[in-house]
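Student: Mind looking over this structure? Questions follow.
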């Protein structure tokens with residue numbers, strides 16, 4: 001891990017649930033330019049267990065009390081999806097920067113309200129699309145920008161696997177839960193179409209936008225057969241690129257995620273692994289002038305730590321934002337709502353004409 005720098009961002013983590021335990025606590029302790037300054041959770045038993053394990057400087061049961069701490073500089077919001085927007089608005093109002101787990105919101109109206117709060121605050125808000133910090137994807141984006149020339153078409157897929165949990169259980173820490181944890185109203189998994197789109201579709205949409213640019217319209221179909229849900233989405237990019245997205249849950253095979261991109265001066269083929277392996281995507285970049293492909297090693301595949309370091313670099317040093325900003329978060333939510341509406345109505349849908357929930 002990189003050596004700790006002298007000036008480090010003092011970060012608080014809101015929520016001590018699975019994503020904090022699997023990703024964010026460790027990222028704060030390993031990041032070169034950030035520290036785990038504080039944690040906050042209403043469940044006393046869970047918070048005390050996490051404080052004993054990860055040793056933050058401070059521990060809070062009350063979120064407003066944590067936000068009132070003058071030494072706290074930024075917060076990672078690691079709560080359930082429905083809590084993201086109200087927590088982020090409170091954080092910005094307290095003068096703290098925000099790194100919010102994806103999806104940043106679950107409706108167009110909520111994410112637009114958050115955008116207004118970000119603009120009024122003058123603070124940094126980064127959405128937790130950590131795949132942008134995958135070295136393989138970064139190399140692909142560099143080639144698209146500097147060497148590919150005009151892009152022609154993009155295909156991307158995100159297919160969760162029936163075998164995912166035995167594999168991730170072997171590499172993730174044992175998750176600690178609490179009967180006192182705050183939960184959203186209702187069961188988020190009661191509507192699996194919505195749950196899969198928010199949990200997995202948000203990654204697929206952001207990856208497509210990271211490479212292809214702004215999405216202006218979608219034409220989506222969905223099938224449910226053999227216990228699987230499959231979305232095929234034809235995408236219209238603002239730059240005229242043709243796009244096709246495949247979201248399938250859950251395939252009867254290994255984790256299947258990747259992309260193919262065709263351009264004027266070359267092409268890119270990428271294979272992305274289950275994120276909990278912390279393994280950089282295998283990305284083959286073909287240069288037409290050389291008649292050969294190159295692949296970066298991407299040895300540092302801790303996307304969550306690299307995401308936090310990028311966030312801290314923006315705040316501490318004024319570095320350009322490498323992650324997803326609030327405009328990216330708005331576009332992602334609008335795309336997911338448009339996909340759901342297109343499936344329901346059986347017609348193409350423009351992103352600038354949608355409203356409502358995913």
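What follows is calculated from the coordinates using simple rules that are stated; it is not laboratory data. Since the structure is predicted, the reported quantities are computational estimates derived from the model, not experimental observations. Ideal geometry is used to build each Cβ from the backbone, glycine not excepted, and the neighbour counts take in all protein chains shown.
Student: Using the Kirkwood radius built from alpha carbon pairs, what does the Stokes-Einstein equation give as D for the chain at 20 °C and 1.002 mPa s, in µm² per second? All intermediate terms of the calculation are to be shown ahead of the outcome.
Tutor: Numbers: Rh = 21.0 Å.
Answer from the Stokes-Einstein relation: 102 µm²/s.
Student: Between residue 168 and residue 289, what is 0.36 nm times their sequence separation minus the Cα-Cα distance? Round to one decimal in nm. Show your work: numbers first, answer last.
Tutor: On the way: separation 121, 0.36 × 121 = 43.56 nm, distance 4.09 nm.
Residue separation times 0.36 nm, minus the Cα-Cα distance, leaves 39.5 nm.
Student: When the Kirkwood hydrodynamic radius is evaluated over all pairs of different C-alpha atoms of segment 277-329, what value in angstrom, to one decimal, is obtained? List each step's numbers first, then the result.
Tutor: On the way: mean 1/r = 0.0739 Å⁻¹.
Its Kirkwood hydrodynamic radius stands at 13.5 Å.
Student: Same structure again: Gaussian network model of the chain, Cα springs within a sub-10 Å range: biggest mean-square fluctuation belongs to which of 281, 161, 267?
Tutor: Among 281, 161, 267, the largest mean-square fluctuation in the Gaussian network model of the chain belongs to 161.
Student: Right, another one. Helix 44-54: angle to the longest alpha-carbon principal axis of the chain, degrees 0 to 90, nearest 10?
Tutor: Once rounded, the angle reads 80 degrees.
Student: Same structure, new question: Measuring from centroid to centroid over Cα atoms, what is the spacing of segment 277-312 and segment 102-132 in Å?
Tutor: Distance between centres, Cα-based: 26 Å.
Student: Would you look at the GNM of the chain, springs on alpha carbons closer than 10 Å, and say which of 263, 329, 15 moves the most?
Tutor: It is 263.
Student: What area, in nm² and to one decimal, does the C-alpha convex hull of segment 118-252 cast on average over all directions? Show your work: numbers first, answer last.
Tutor: Working: hull surface 49.1 nm².
About 12.3 nm², averaged over all directions.
Student: Can you report the principal axis dimensions of segment 101-173 using only the alpha carbons, biggest first, rounded to whole angstrom?
Tutor: So the three principal-axis extents are 42, 41, 21 Å.
Student: Does segment 257-300 come out rounded, prolate or oblate by the C-alpha gyration tensor, with a ≥ b ≥ c the root eigenvalues, rounded set by a/c under 1.5 and, if not, prolate when a/b is larger than b/c and oblate if not?
Tutor: Working: a/c = 4.54, a/b = 1.94, b/c = 2.34.
Oblate is the answer for segment 257-300, as a/c is 1.5 or above yet b/c matches or exceeds a/b.
Student: Can you tell me the orientation of helix 84-93 relative to the chain, as the angle in degrees between its alpha-carbon axis and the longest Cα principal axis, to the nearest 10?
Tutor: So the inclination is approximately 60 degrees.
Student: What is the Cα radius of gyration of segment 1-149 over 2.2 N^0.38 Å, N being its residue count?
Tutor: 1.10
Student: Write down, largest first, the equivalent ellipsoid semi-axes of segment 197-296 in whole Å, where each equals the square root of 5 times an eigenvalue of the alpha-carbon gyration tensor. Let's see the in-between values first.
Tutor: Details: eigenvalues 124, 74, 27 Å².
After diagonalising the Cα gyration tensor, the semi-axes are 25, 19, 12 Å.
Student: Next question, about the same structure. Could you tell me the relative contact order of the chain? Use alpha-carbon pairs under 8 Å, at least six residues apart, and round to a whole percent.
Tutor: Across the chain, relative contact order equals 21 percent.
Student: Taking the Cβ of each residue in 159, 16 as the centre, tally the other Cβ atoms inside 10 Å and list the residues starting with the fewest. The partial results should precede the final answer.
Tutor: On the way: 159 20, 16 31.
Ordered by Cβ neighbours within 10 Å, fewest first: 159, 16.
Student: OK, next. Any chance you could give the angle, 0 to 90 degrees and rounded to 10, that helix 326-345 forms with the longest Cα principal axis of the chain?
Tutor: 60 degrees
Student: Treat the count of other C-beta atoms within 10 Å as a stand-in for reagent exposure and order 127, 176, 85 from fewest to most. Write out the running numbers ahead of the final one.
Tutor: On the way: 127 30, 176 15, 85 21.
Final ranking by Cβ density, sparse to dense: 176, 85, 127.
Student: May I ask you to derive the FRET efficiency for residue 1 and residue 327 from their Cβ-Cβ distance with R0 = 25 Å, giving the value to the nearest 0.05? Can you show the working numbers first?
Tutor: Values: r = 32 Å, r/R0 = 1.27.
My answer for the efficiency is 0.20.
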